[in-house]
1. Take the stretch 166-191 and flag every residue that is modelled with pLDDT of 75 or more and in a loop (DSSP other than H, G, I, E, B).
2. For the stretch 176-195, check the following and say yes or no: at least one residue is without any contact (Cβ under 8 Å) to a residue 40 or more places away in the chain and within 20 Å of V89 (Cβ to Cβ).
3. So which residues in the stretch 58-72 are surrounded by fewer than 19 Cβ atoms within 10 Å (Cβ to Cβ) and touching a residue at least 60 places away in the same chain (Cβ under 8 Å)?
4. Within the group G136, G165, which residue is out of contact with any helix residue (DSSP H, G or I) (no Cβ under 9 Å at 6 or more places or on another chain) and of a type outside the set (D, E)?
5. I need the strands (runs of 3 or more DSSP E) fully contained in the stretch 76-151, keeping only those with at least 3 residues that are at negative phi and surrounded by fewer than 24 Cβ atoms within 10 Å (Cβ to Cβ).
6. When the stretch 40-59 is examined, which residues are found to be out of contact with any Lys or Arg (no Cβ under 8 Å at 6 or more places or on another chain) and either of a type in the set (A, V, I, L, M) or assigned to a strand (DSSP E or B) (or both)?
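The values are calculated or read from the model by the stated rules, or taken from the named source; none is laboratory data. Just so it is clear, the structure is predicted and the values come from calculations on it, not from any experiment. Note that each Cβ is placed from the backbone with ideal geometry, even for glycine, and that neighbours are counted across all protein chains shown.
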Amino acid sequence: GAHRHPHPLPTTCGAPRAPPPARGPPAARMSARHAWLRFSATGPDLPDGLDLDPGSWQARLTALHARWYDGVAPPAVAAVFVLQWLLQVPAHTAAWAAATGPWRAGDLGGLRFSRSAALVPDVVRITSLHPDDRSGSDRLEAAEEDYRAVAEPLAHAYQAPVRLGPHVRSALVDDMWVAARQDADTATGAAPSVPPERASCCLLYALPGCHECAGCPRLRTAAP
């Protein structure tokens with residue numbers, strides 16, 4: 001049977017945790033629709049930004065993998081996971097603001113976040129949210145532009161202990177947006193929950209007992 005990872009690995013899609021409130025602060029409404037992220041607009045500053053040095057994060061994740069998988073911890077897995085998780089912070093903030101709104105998230109490059117014990121981002125501080133009365137599809141198109149303006153240079157500059165070529169970096173930028181929009185559309189009832197096909201591989205299959213995620217390009221390549 002399929003191997004179950006010991007901690008959640010948000011990479012593609014999820015279901016809303018509770019029926020979303022019709023009223024209330026934007027951050028609370030966005031959080032109620034999200035399966036694994038909480039959005040916050042108040043409280044103490046959060047420790048991490050998108051400009052953090054990823055080396056410590058990668059090393060800690062590699063150590064966790066070594067503990068979970070009897071010493072097997074390819075550093076390439078942590079390198080891809082950390083870049084994925086970094087990209088998900090602006091992707092999901094922008095998509096959820098647009099889909100849950102009508103809002104447009106500003107200053108995506110300045111977002112701060114915290115990480116869970118499994119090292120996955122779990123809380124994002126919303127720094128700027130603007131009313132946006134355009135249609136949902138127009139808001140999401142603008143959200144994608146805002147996301148890409150931050151995500152593309154972030155992915156290009158990302159430091160990794162193994163080689164991540166330009167195709168992998170670009171494909172991860174694309175995949176994290178497609179997944180974020182799919183999740184947002186699903187959470188708001190605009191689309192069914194269907195794991196999107198990916199252009200990049202997260203390398204989860206390299207961990208003992210694990211296999212490719214749904215939508216992995218390796219599955220399409222292996223098909224007869």
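1. The initial filter retains those residues of the stretch 166-191 that are modelled with pLDDT of 75 or more, namely 166-190.
Hits for the stretch 166-191 are T188, G189, A190.
2. Yes, because at least one residue in the stretch 176-195 is without any contact (Cβ under 8 Å) to a residue 40 or more places away in the chain and within 20 Å of V89 (Cβ to Cβ).
3. In the first step, residues of the stretch 58-72 are kept if they are surrounded by fewer than 19 Cβ atoms within 10 Å (Cβ to Cβ); the result is 59-60, 63-64, 66-68, 70-72.
Of everything in the stretch 58-72, those that are surrounded by fewer than 19 Cβ atoms within 10 Å (Cβ to Cβ) and touching a residue at least 60 places away in the same chain (Cβ under 8 Å) turn out to be W68, D70, V72.
4. Numbers: G136 fails: out of contact with any helix residue (DSSP H, G or I) (no Cβ under 9 Å at 6 or more places or on another chain).
Testing whether each residue is out of contact with any helix residue (DSSP H, G or I) (no Cβ under 9 Å at 6 or more places or on another chain) and of a type outside the set (D, E) leaves just G165.
5. Correct list: 112-115, 121-125, 129-131.
6. Once the filter is applied, which keeps residues that are out of contact with any Lys or Arg (no Cβ under 8 Å at 6 or more places or on another chain) and either of a type in the set (A, V, I, L, M) or assigned to a strand (DSSP E or B) (or both), the stretch 40-59 yields L50, L52, A59.
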